[in-house]
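Heads up, the thing below is written out as structure tokens.
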Amino acid sequence: QVQLVESGGGLVQAGGSLRLSCAASGRTFSSYTMGWFRQAPGKEREFVARINWSGPVTGYANSVKGRFTISRDNAKNTVYLQMNSLKPEDTAVYYCAAARGPTVVVREYVYWGQGTQVTVSS
């Protein structure tokens, strides 16, 4: 069992930066692929970034590649999403999630946080 709690969301102007954190509980955190997803009003939840259990393997949606960076600290049971050069279209609720394998498919993530709101003003 893994419980996830996101933090770090807020209101930022276009071009600004935010760093999201996701604190996990559970002794098996380090064995999971961790992902970040987002959901804007009226839209489906979409993949943003993922990182494998040991850290060096990452993947990003094309829309955030080069602007967002995912990382994890297994000693602190925490995964991060550094978001730079934010755009109004990045506005959404951001969720972290855990999966048992290296996947970008929403339904294959078995544990989810409650989400944190990110709003980017133009």
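The values are calculated or read from the model by the stated rules, or taken from the named source; none is laboratory data. Just so it is clear, the model here is predicted, and its values are computed rather than measured. Every residue, glycine as well, gets a Cβ built from its backbone with ideal geometry; the counts of neighbours run over all protein chains shown. The protein model used for the area step is the full one, side chains on, heavy atoms only, and it has no ligands, DNA or RNA in it. Shrake-Rupley method; radii C 1.70, N 1.55, O 1.52, S 1.80 Å.
Step through the residues of the stretch 98-112 one at a time and calculate ³J(HN,Hα) from phi using the Karplus curve (6.51 cos²θ - 1.76 cosθ + 1.60, θ = phi - 60°), rounding each to whole Hz and writing x for Gly and Pro.
10, 10, 7, x, x, 9, 10, 7, 3, 5, 8, 8, 9, 10, 9
Filter the trypsin sites (Lys or Arg not before Pro) in the stretch 2-52 to those in DSSP coil with at most 12 other Cβ atoms within 10 Å of their Cβ, and list the result.
Arg27, Lys43
First select every other residue whose beta carbon is under 13 angstrom from the beta carbon of Asn84; then total the charges, Lys and Arg +1, Asp and Glu -1.
+3
Positive end of the charge dipole of the chain (Lys, Arg +1 and Asp, Glu -1 on Cβ, about the Cα centre): tell me which of Ala23, Val12, Tyr94 has its Cα farthest that way.
Projecting each Cα onto the dipole axis, the largest value belongs to Ala23.
Enumerate the aspartates and glutamates that Lys87 could reach by cross-link, defined here as Cα to Cα under 20 Å, with residues fewer than 8 away along the same chain left out.
Glu44, Glu46
Relative to the compact-globule scaling 2.2 N^0.38 Å, provide the ratio for the alpha-carbon radius of gyration of the chain.
The value comes to 0.97.
Name the long-range amide H neighbours of Gly10: under 5 Å, sequence gap of 5 or more, or other chain; modelled H, no Pro or chain starts.
It is Val118, Thr119, by chain and number.
Enumerate the calculated ³J(HN,Hα) couplings along the stretch 59-72 in order (Karplus 6.51 cos²θ - 1.76 cosθ + 1.60, θ = phi - 60°), each rounded to whole Hz, writing x wherever the residue is Gly or Pro.
Once θ is set to phi - 60°, the couplings for the stretch 59-72 become x, 9, 5, 4, 5, 10, 4, x, 10, 10, 9, 9, 8, 8 Hz.
So for the chain, averaging the separation of alpha carbon pairs under 8 Å that are six or more residues apart and normalising by length, what relative contact order in percent results?
It comes to 36 percent, rounded to a whole number.
Express the carbon and sulfur contribution to the solvent-accessible surface of the chain as a percent, rounded to the nearest whole number, probe 1.4 angstrom.
Its accessible area is 49 percent carbon and sulfur atoms.
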